[in-house]
Every structure is written in structure tokens, then in C-alpha cells.
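Participant: Pasting in a structure now, in C-alpha cells, and then I'll have a few things to ask.
The values are calculated or read from the model by the stated rules, or taken from the named source; none is laboratory data. Note that the structure is a prediction, hence the values are computed from the model and not measured. Quick reminder, even Gly has a Cβ in these numbers, built from the backbone with ideal geometry, and neighbours come from all protein chains shown.
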Amino acid sequence: MVFSSITFLFYFLPIVLGIYYIVPNKLKNLVLLLASLFFYAYGEPKYVIVMIASIISAYLFGILIDKYKKHSKLFLILSICVSAGFLVYFKYINFIIQNINLWLTKKIDFIYVVLPIGISFYTFQLISYTIDVYRGQAKVQKNILKLALYISLFPQLIAGPIVRYTTIEEQLENREYSSEKFALGVRRFIIGLGKKVLIANVLGELTNIFLASNTPNILFYWIYAIANMLQIYFDFSGYSDMAIGLGKMFGFEFLENFNYPYIATSVTDFWRRWHISLSTWFRDYIYIPLGGNRVSKMKWLRNILIVWLLTGLWHGAAWNFILWGVYFGILLIIEKIFLGKYLEKIPKILSRIYVLVIVAISFIIFSGESMAQILKNIGGLVGIGTQSMISAESLYYFKSYFVVFIVSIIGATPVLKNFVNKENVHKIMNILEPVYLLLIFVICTSYIIDGSFNPFLYFRF
Amino acid sequence: MRKKNHGLIICISVFFLGMSLWAILSKTPDYSDSERRVLAKLPKVSTETVLSGEFAEDFDTYAVERFPARDLWRSVKAYAQTKVFGQKDNNGIYTADKHISKMEYPMNEEMIKHAAQVLNAVQKNHLQENDVYLAVVPDKNRYLAEETGHLAMDYDAFTNTVKEQVDAEYIEIADLLNAEDYYYTDSHWRQEQIADVAERISDAMGVNLSEEYGVFRMEKPFEGVYAGQSALKWESDTISYLSNETIEQVIVTGADAVYDMKKATGRDPYEMFLSGNQPVITIENPLNDSGKRLVIFRDSFGSSLAPLLIEAYSEIVLVDLRYISSDKLGEYVGFEGADVLFLYSTTMLNNSLGMKQEKKG
């Protein structure tokens, strides 16, 4: 089920909210768990069993880790193997076979396997839970229903944020409800919906138009690069906003997942602002256990490359994702060695431009269907493979999407937020808030009804 | 920390719950007049459809398509997209003065090639002894798009490509037309404006049209195919048709009438011309005993042109290759001694997959 669908907005959500607030507090977790399992099974009827099996495994191993301290490391390793095993099988098995086959004369047959939605997200949550229990940072959850609720909680189940068990541990037992929190949740949800439907989806149409065009030119390549990076940002951050907003509506507080990444002044800074829950996961569960930067220089470089190779691989079972991850790994190394200090000294506008160009190129790699396409779309930015600067087609779409570009560029910065938070503006905005949020919601609904182009990009993870 | 905002919760909740109840409880029509299609039905639940994911997919489609006041929501979207966000088209649909049109862009050489292959196969198998002519009807974007800053094909290049690939004598008609010769909210041309086109074609085929026409206007306002697609306010229009003594006396088989008055008040009034798209239609002219015959391979534009040519023939046969494949033609159509006209619009040729290719035995 997609958040930005009529089924979710006008059937599932009102029914679940209604039941949730009617039942007594002691039944709220059960209602939410059943709703979440239904939510997942609706889109993934057969493979909900994989998620349930993963939850049971993590639950049992969590108890074993807590009970048998002497063997806790062994149980932890087994738990990670089971959780990661599901992920590797469902997501990477054919990629592994494909690459092994390059070396074999007698090829191995591919396995017919469907990627369960959200498996990358909930697997990481399960692994973080068992590691936190092992480290003593979290109390083992002896109630399997509560653990299941943590993992399957529908606001964040299929596309994050990757919520840590420690963030949510107390909230599973005891949540605070207030009209203010609910209102904040509603506001956040609607803003996220607007980002997804009115900006990300619209820019997605433009990127598709570019990819179908037979006559790209430099202007069109740049339109694509900018639309692509904005689409990915608004799609993913919009979804995170909706997840956080929904969490609040049900009494949960999730951590932020984005912090205006496109105003970053270095790639290092960018990754403190982009998909924060993923980058901190890799930091806490891969980078630091490998030794982080408290090892020899060679090992430190190794650690960074491993983390970024895995970050790329997490995003998809294809070489372009690995390339994307390694691309950032190398840039981070360069910044740590010398470039970072230089970036701190130059005017912020220049360092921001540097980051934006780097990120635009990275997302061309991220979105590429083949190496040839990636090279073509990057080369086209500087006129390689094209003889024209501009065409009637590219100019048409530039003019047609100009307002959307302006809105999305402003929206990608804290300019609007800072303006709205000024004292005198804030009072007016408080009064107008129901009006403009309702307007956004109405327009989003109209777009959803009119269109059918509505895939979440991060669903394939 | 922001203050409580009960106003926000109340406004959004009232709207939200109200819309949800309306969506769940309301009974919506099965057919969309504006989109000219049947809307999704509530899917049946079964173990098979649930486990396969088919039920979920079908229910999502049902929920979207059966949302109450669908046309109003589509209008809101069209307005927001074009007036608020300033986009130049909405799903390819744009307005140009009184006209609503759909961009036909870019030129699709593969589709033109496919169309040419179909027509050339017909030629090869059935028309070796016939005089074969070709006329291409430009879609109205030719006369609208560039002026309004919308994307338009290079129509000269399009026509040249078609001429090069289809083995027939080409009859140019584009210079006889302009935007006013097309309905405001439909893709088709106005029959009352194409008498000169009929004359150009008949001259090229060596036949004569001399009878005058009376113009008859339908009362019901004409809402063309683009009116519903645009979801915006549209300019009122009417359909007129031409008639004379010859047209009044023709005998039609394969359609209800030359001017089907039942269809004129139906869902797609342009179908009044020869009852819309049919595989094979025959128009017999009892006032012409010359024995001359014309076979027109056509799309929907041919429906309104054919009545204007019947004066010069004893019989006109219209063939729509979207509904009959060319290897079945011999069973339904005689070609001996007939003039043959390929009459297709640029829209059809640019999206020609519907033209059935001969099955290879």
C-alpha cells in the first residue's frame, strides 16, 4: 500500500485512526500491530511470512543473547546470519549468480525470487535490535507482539526511516497523546504528501520525458540532472515526512531523516543530512566495530570503502549502486585527507556548488540503467555526444516545469522555514495553517485521482 | 514549540473523514462520459486474487477511478497544474484560444514504417491492378501548436517520410485546412469545412463532384474527446453535416446510416458519421450507374469525408484496418477496377500499432 494512494488516505488510515483512538490504551498496540501486518500483507500477501519469520528469529535470538551471556556473541552472529541471510537471498542471489556466471562456462540458473517490499529496512532494524541487546544498550523485548510492532509499524515499515529500537523502546510501553502532537503529525504528513505528489512525481514525469527523448542536448541533460536529484530528494524526504507525521498521529516520535542536504558545504556534511538513519546505522554497526578512524591509516581507508561499498549495495543489487557508494567513499576520503579543510576556507556558495554538482552526478549514476546510459548522461552535461546546446523540446520543458523547479529549489532549502518562523509571520501562518494545509491536501488528492504515475522510488529497497 | 492548533485538526479531520465516508459509501457511475471509458468495478475477493496481489492492485484502481466527483477532482488538478504551477500542458492536452488539443510529438518513424508496411502489403496482395492514392490528414496541432509555443512535429518531414514509404500517388490536402476547420474540443475536422478537400481528392482521382450541399446543424452542443480529457472549461461547439439529393438516397450496409442520428445524441456525437468505426462499410449510390467504385482504407476522418465523394461513384467501400486484418480483405471486399484511396491522419500513422498486419502463414 502506498501512502499517496486513495486506498491508504481514504480507506485504510481513517479506519485505523478511528479504531485506534476508540479502543482503550491497553489495546492500542494490538490494533496498530494488526493494522501494520494488514498494511504489509496488502502489498505483499505471500512474503509477509518472510517478515514474520525474521521477527520470530530476532525475538528468539534476543532472548538467547540476554539469557546466555557466555554464548551471546555466538547467538548474535547466528541472528545476524539469519536476518542478513533472508536479505541476501531475496535481494542479491541473482546478482551473485550473474557475476559468478561471468567466470563459468556452465552457467548457474537464475532463481525465481521476488524482492519483498521493505526487506532492506526491516532487516536493518532487526539487526540493530539484536546488536543493541548484545551491547546492553537496549533491554531485551520479551513480548513478541511488541517487538513485532516495532518492526512492522506501518509508518516506517516499507521505506524508513530506519528506526532504532532504543528510540522506540519506551514509546512501545507508554506513549503520550495530545492534540498538539496530533496536529504536528497531520501537518508533517501533509507537507510530506505534497513533496511526494506535487514535486517528486511531477519531476519524475520530466525525467521520463528526457529518457524517452531521441534528441537530447546540453540543456536537456542539465534539466534531467537537476530534476533527477530533486525528484529523489523530494520523493524520499517526502516519504520520511509522512512516516514521521503518521508516527506522531499514533503517539510515536521518530528521529529526523533529512536535514536540508542540498545546502551542505561538503560531501561529509551532505551525508550528515541525507538519509541520516541509514548513514548512522552504518556508522554504529559497521564502521565503528571495524575500528572507525582509530586504526592505522590503511585500515581506516579500508573501513570507509567497506562502509560505502555496503551502502551502495544496500540501495540495489546492481553495479551502478556499488559504483555510487564507492564514488562517495572516495570523495569522503579525499575530503578527510585534504579537501575538507580547503572547503571550509572558501566561500560557502562555492562549496555548495561543489556539493550540488557532485551529488547531481552521483544520482545520475544511481538512476542509470546501464554504464553506457550513465556515461552518456554525465558526458552530455559538458556536451559530449551531443552537438546542440538547446532544442525546441528542451526549451519547452524548461519553460513548462520552471515554476516546479523554483518551488522545489526553494523547498530544498530552509529559506521558507526560516521565513515562516519569524515572529510576525509565524502568527499569520498559525491562522492560515488549516487553510493552506487543506489546500495542499485537496490538490494532492486531485493529482492522485488524475494520475497513475505514483511509484515510491525507495520501495525497491 | 507551536501552540495547540485545534482549528487545524478540526478542519482537516472534517474534510478527511467526510471524503472517506463519501468514498466508501457513495455509488458512482460505471462509465465516464468525459473520459469515454468504463470505470473499474469493485474486484471480487478470492484466495487466489488476494495471494497473487491482483485484488490489491484492482482495488487500488477501483478506489481511484470510483472516487466521488471524479471529474471535479480532475478539473482541480488541471487548474492547479496549468494555472498555479504554470505547466504548458496537462497530460499532453493544452488550450489554444477556443481550441483544446493534444500534442502529437515526437514523430515516430517506427510507427510510420509499420503503417507503410501494412498498406504496402495490402497493395501487393490486392491492388496490383488498381490506381492507388494517398492523402494524409494533418492533426490540428499542425495549425495550433507552434503559435501557442507547444511542441509540434515537423509535418513536412512527416509527410515526406510517409510519401517515400507508401507506394501510392500522393494528394496534398494540408494547404486547404486551418485550425478553424477542426472542432474546438475534438480531434476531427468539421465536415462542413472539407468540401474543398473532397474536391481536391476527386480531381486527383479523375472524377467530378458538382452537386451543392445543404448545411444542417445539430442542436445538441458538441463536447468532443478533448473536452473530457482536458477537465477544464471548454468552448461550446456544434456538429453540422452536409447533405444533398445524392446523399439522401444512398444505401448503407455495415453502418446504420450515412448520418446516424442515434449516435449524434450519444456519448461520441462524431460517430454520427457512418455510425463510427466499423471494419467494412458499403455506401451504394443508386443515382450513379457508371459502375465506378472507390475503396477507402481509412481511420475515423474518412467517415465524414466519404459521403462527400459518393456522388462520383456507384459504390464506396470503407475499410478500417484496425478491425479487419488485410489477409481477410478478399473475403469481404472486391477490388477489381476500383479506385483506392489510403486516407489516414497523422495521429493514426504516428501511432499505427492498431493497424493489423497480415498474419504470416
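Participant: Of the residues B:Ala69, B:Ala63, which single one is at the interface with another protein chain (Cβ under 10 Å from one of its Cβ atoms) and in contact (Cβ under 8 Å) with a residue 40 or more places away in the chain?
Facilitator: B:Ala63
Participant: Could you tell me whether the stretch A:156-165 includes any residue that is over 16 Å from the mean Cα position of the chain (by Cα) and of a type in the set (Lys, Arg)?
Facilitator: no
Participant: Also, I was wondering about something else. Would you mind listing the helices (runs of 4 or more DSSP H) fully within the stretch A:1-80 where at least 1 residues are within 30 Å of A:Tyr134 (Cα to Cα)?
Facilitator: So the answer is A:25-43, A:48-67.
Participant: Name the one entry in B:Leu17, B:Leu42 that is surrounded by fewer than 13 Cβ atoms within 10 Å (Cβ to Cβ) and either at pLDDT 85 or above or of a type in the set (Val, Ile, Thr) (or both).
Facilitator: None of the other options fit; the residue is B:Leu42.
Participant: For the stretch B:20-39: of the residues being more than 7 Å from every other protein chain (Cβ to nearest Cβ) and in contact with a Phe, Trp or Tyr (Cβ under 8 Å, 6 or more places away or on another chain), which is surrounded by the most Cβ atoms within 10 Å (Cβ to Cβ)?
Facilitator: Among those residues, the one meeting the criterion is B:Leu39.
Participant: If only one of A:Ile151, A:Ile111, A:Ile117, A:Ile162 is touching a Leu at 6+ places or on another chain (Cβ under 7 Å), in contact (Cβ under 8 Å) with a residue 12 or more places away in the chain, assigned to a loop (DSSP other than H, G, I, E, B) and aliphatic (A, V, I, L, M), which one is it?
Facilitator: Unique residue meeting the criteria: A:Ile162.
Participant: Of the residues B:Gly224, B:Gly228, which is within 14 Å of another protein chain (Cβ to nearest Cβ), more than 12 Å from B:Leu309 (Cβ to Cβ) and not polar (S, T, N, Q)?
Facilitator: After applying the criteria, what remains is B:Gly228.
Participant: Another question about this same structure. Filter the stretch B:70-84 down to residues that are over 26 Å from the mean Cα position of the chain (by Cα) and surrounded by fewer than 18 Cβ atoms within 10 Å (Cβ to Cβ), then give me how many there are.
Facilitator: Of the residues in that region, 2 qualify.
Participant: Restricting attention to the stretch A:382-433, and to residues there that are more than 20 Å from A:Gly185 (Cα to Cα) and among the basic types (Lys, Arg), which single residue is farthest from the other protein chains (Cβ to nearest Cβ)?
Facilitator: Out of the qualifying residues, it is A:Lys422.
Participant: Whether any residue in the stretch A:41-51 is more than 22 Å from the chain's Cα centre (by Cα), under 30 Å from B:Ser26 (Cα atoms) and either buried (at least 16 other Cβ atoms within 10 Å of the Cβ) or modelled with pLDDT under 95 (or both) is what I want to check.
Facilitator: Scanning the stretch A:41-51 turns up at least one residue that is more than 22 Å from the chain's Cα centre (by Cα), under 30 Å from B:Ser26 (Cα atoms) and either buried (at least 16 other Cβ atoms within 10 Å of the Cβ) or modelled with pLDDT under 95 (or both).
Participant: Turning to a different aspect of this structure: Have a look at A:Tyr177, A:Tyr165 and point out the one that is within 14 Å of chain B (Cβ to nearest Cβ) and of a type in the set (Phe, Trp, Tyr).
Facilitator: A:Tyr177
Participant: Out of the residues in the stretch B:241-266 that are among the small types (Gly, Ala, Ser) and over 22 Å from B:Ile316 (Cα atoms), state the one that is nearest to the other protein chains (Cβ to nearest Cβ).
Facilitator: Selected residue: B:Gly266.
Participant: Let me ask another. Within the stretch A:250-281, restricting attention to residues that are aliphatic (A, V, I, L, M) and in a helix (DSSP H, G or I), which residue is farthest from A:Tyr165 (Cα to Cα)?
Facilitator: A:Ile263
Participant: Condition first: outside any helix (DSSP H, G or I), within 30 Å of B:Met103 (Cα to Cα) and aliphatic (A, V, I, L, M). Now tell me which residues in the stretch A:385-422 satisfy that.
Facilitator: Across the stretch A:385-422, the qualifying residues are A:Met389, A:Ile390.
Participant: Still on this structure, please answer the following. Among the candidates A:Ile322, A:Ile353, A:Ile337, which residue alone is of a type outside the set (Gly, Ala, Ser) and either in a loop (DSSP other than H, G, I, E, B) or modelled with pLDDT under 95 (or both)?
Facilitator: Going through A:Ile322, A:Ile353, A:Ile337 in turn, the sole match is A:Ile337.
Participant: Are there any pairs, at least 6 apart or on different chains, whose C-beta atoms fall under 7 Å, with the first in the stretch A:189-203 and within 11 Å of chain B (Cβ to nearest Cβ) and the second outside any helix (DSSP H, G or I), and if so, which?
Facilitator: A:Val197/A:Ser4
Participant: Right, something else. Within the stretch B:45-60, take every residue that is more than 30 Å from the chain's Cα centre (by Cα), crowded, with 18+ Cβ neighbours inside 10 Å and within 8 Å of chain A (Cβ to nearest Cβ) and give me the one that is farthest from A:Asp450 (Cα to Cα).
Facilitator: B:Ala56
Participant: More than 9 Å from every other protein chain (Cβ to nearest Cβ), out of contact with any Gly (no Cβ under 9 Å at 6 or more places or on another chain) and under 22 Å from A:Ile15 (Cβ atoms) - does that describe any residue in the stretch B:3-19?
Facilitator: Yes: one or more hits.
Participant: Regarding the stretch B:91-103, can at least one residue be identified that is under 26 Å from the mean Cα position of the chain (by Cα), hydroxyl-bearing (Ser, Thr, Tyr), surrounded by fewer than 20 Cβ atoms within 10 Å (Cβ to Cβ) and more than 7 Å from chain A (Cβ to nearest Cβ)?
Facilitator: No; the residues of the stretch B:91-103 include none that is under 26 Å from the mean Cα position of the chain (by Cα), hydroxyl-bearing (Ser, Thr, Tyr), surrounded by fewer than 20 Cβ atoms within 10 Å (Cβ to Cβ) and more than 7 Å from chain A (Cβ to nearest Cβ).
Participant: Enumerate the pairs (first residue in the stretch B:34-59 and free of Cβ contacts under 8 Å to residues at least 12 places away in the same chain; second residue anywhere and small (Gly, Ala, Ser)) with beta-carbon separation below 7 Å, excluding pairs fewer than 6 apart on the same chain, so at least 6 apart or on different chains.
Facilitator: Between residues of the stretch B:34-59 that are free of Cβ contacts under 8 Å to residues at least 12 places away in the same chain and residues that are small (Gly, Ala, Ser), the close pairs are B:Ala56/A:Gly43.
Participant: Looking only at the stretch B:72-86, count how many residues are under 15 Å from B:Pro29 (Cβ atoms) and within 7 Å of another protein chain (Cβ to nearest Cβ).
Facilitator: Here the count works out to 2.
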